Amino acid sequence: MQYLMLIYGAESDWARKTPQEQEAVKKGFGQLRDELNNTGKFKGGSQLTPISAATTVRVRGGKRLTTDGPFAETKEQLGGYFLVDAKDLDEAISIAARMPSALDGSIEIRPLVVMEQAAKQG
Amino acid sequence: MDFEKLYREESGRILSTLIRLFGDFDLAEEMLQEAYAAALQQWPAGGTPANPRAWLISTARNKAIDRLRRERRFEEKSEEIYKTSEFTVQPAAVLEDEMFPDDRLRLIFTCCHPALDNDAQVALTLRTVCGMTTEEISKAFLVPVPTMAQRLVRAKRKIRDAGIPYREPAQEDLQDRVEAVLLVLYLIFNEGYLASSGDSLVRRELCAEAIRLGRILCGLLPRQAEARALLGLMLLQDSRSEARVNAEGELVLLDEQNRSLWRADEIQEGTELVQSALRSGAAGIYAIQASIAAVHANASTARETDWRQIVGLYDVLLRANPSPVIEVNRAVAVAMAGPIQDGLAILDALEYRRELADFHLLPAARADLLRRLGRGAEAADAYRLALSLATNDVERRFLSRRLASLTS
């Protein structure tokens, strides 16, 4: 199954980290990505720019509404994602638990809808 | 062949195997029903097979293959299901498993996956592993039936959509799941100890089931003091089973029980387990409740019971786990320690709070205290209220007798 891992953390926490700490986080993600890549489990992923670069678009009654910032202001922001191929939720959980951001932020694991379900759910 | 008994005793175990093999709760439940229907049709004429369980599993498996072929889903599932042919030929061989000697315990751990809502974990396990009906489970949880049905549907959907695996947890995940598993065993035992409905007070097979699963769990997790405490608690409660119901199948309260009918072996084993758990530093909810049960079990008469110690233990328990049901039990102990009015005052306050408006044991406990205080008319009213709420036939007869003795 494919799982999208949404990596959340407070941007203020990231800003407070020393360059060495930031480097360690990046290195941790890099190692995990390489490892998943070598076993064919890594399907994509990236760090995201801060929410200051975010734009939200809605179309209502044919009218396009474009606003600055994310859809909702929350304590933790979406800072990156991994798309991972895992055999089940247990494997997905153990991969997520190894992400450096799990230590101070949180990882939301969302299974992608598979075709069979997509057909059923219409 | 007593089909009802067969269903009660075997369905949980068979379903556990089918769920593991099909990887699909709903398919397993449906095929089990169909296999039972086939047995009802074929066994009376053709004779009961030597191994009814293996017959039912094999029949359910064949029906699943037919179904999947019809629905053209066979390719994706065939590999999983073919693995079962080996099982149906030699059931004993596959059930031998060093780490998890029983499919039901394996399934309990799957149902108790931390990615599921806590209440859903317990409900799903009771529904599938123990073959309890949705109605019985809602009673155990004190929630309406539709709420429970919805909870079960949601849990099954999450298992399917999120890819929660059907297999035993890895060693490092065990700890994570123990708490929910203990609660499951505890609720199974309670349902057996005081069946929520029907004409028998105790469903021994559920108690035996919970105790058996508790033993396996203790074997798996030797360092889990709370698992030992829970097993001890269940044994101490179970030791009184014979004395709680008389020859006519009627309920006998603790203070009127023939204590020579209490099972000394279970009391001894239970007491030792509690002591061992307490020595390992456990003072969790099971260790405290087991300590209360041990005080009862080791008293030679109701009068000689150390009720003050029991009240003290209930105080500790309430701090660890606030619950109005525990407050009812504490109030009864307070009344036993005396004076009765003190216990009654607590029950009156609980009734006023209305949290337990549907719980028959609250008015039943009040009625008993009022009766002992000689306040017959009020006691009769409370018995009537309890009767309107009680659903177990044995309890209802007991309440009716008490009511009749007051009004005659």
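Just so you know, all these numbers are worked out from the coordinates, no wet-lab data involved. This one's a predicted model, so the numbers in the text were calculated from it and none came from an experiment. Glycine gets a Cβ as well: all are built from the backbone with ideal geometry, and neighbour counts include every protein chain shown.
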Ranked B:C130, B:C218, B:C207, criterion: other C-beta atoms within 10 Å, fewest first:
B:C218, B:C207, B:C130
Using only the Cα atoms of chain A, build the gyration tensor, take square roots of its eigenvalues as a ≥ b ≥ c, and label the shape rounded, prolate or oblate: rounded if a/c is under 1.5, else prolate if a/b is larger than b/c, else oblate.
oblate
Inter-chain shielding of A:83-89 (mean C-beta neighbours from other protein chains, 10 Å cut-off)
3
How far apart, in nanometres, would the label points at B:R53 and B:D2 be if each is projected 7 angstrom from Cα along the Cα-to-Cβ direction?
1.8 nm
For chain B, built as a Gaussian network whose Cα springs stay under 10 Å, the top-fluctuating residue of B:Q268, B:Q121, B:Q175:
B:Q175
Would you mind telling me which residue in A:G62, A:G30, A:G105 has the biggest mean-square fluctuation in a Gaussian network model of chain A, where springs connect alpha carbons within a distance under 10 angstrom?
A:G62
FRET efficiency, A:D34 to A:M1 (Cβ-Cβ, R0 22 Å, nearest 0.05)
0.50
What pairs from A:K41/B:K156; A:K26/A:K87; A:K87/B:K139 go past 30 Å between their alpha carbons?
A:K87/B:K139
Would you mind ranking B:V143, B:V394 by Cβ crowding within 10 Å, fewest neighbours first?
B:V143, B:V394
Please name which of B:S408, B:N392, B:A290 has its Cα lying farthest along the dipole of chain B towards the positive end, using unit charges on Cβ (Lys, Arg +1; Asp, Glu -1) and the Cα centre as origin.
B:S408
Determine, for B:M148, A:M1, B:M1, A:M99, the number of other Cβ atoms within 10 Å of each Cβ, and report the residues in order from fewest to most.
B:M1, A:M1, A:M99, B:M148
Quick one: dipole size for the stretch B:182-313, taken about the Cα centre, charges +1 on Lys/Arg Cβ and -1 on Asp/Glu Cβ, in debye to the nearest 20.
480 debye
When only Cα pairs under 8 Å and 6 or more residues apart are kept, what is the percent relative contact order across chain B?
10 percent
Pick from B:S388, B:S239, B:S11: which residue has the top mean-square fluctuation in a GNM of chain B where Cα pairs under 10 Å get a spring?
B:S388
B:V143 to B:A45: extension gain in nm, 0.36 nm per residue of separation minus the Cα-Cα distance?
31.0 nm
Checked chain B with the C-alpha gyration tensor, a ≥ b ≥ c its square-rooted eigenvalues, rounded below a/c of 1.5, otherwise prolate if a/b is larger than b/c and oblate if not; verdict prolate
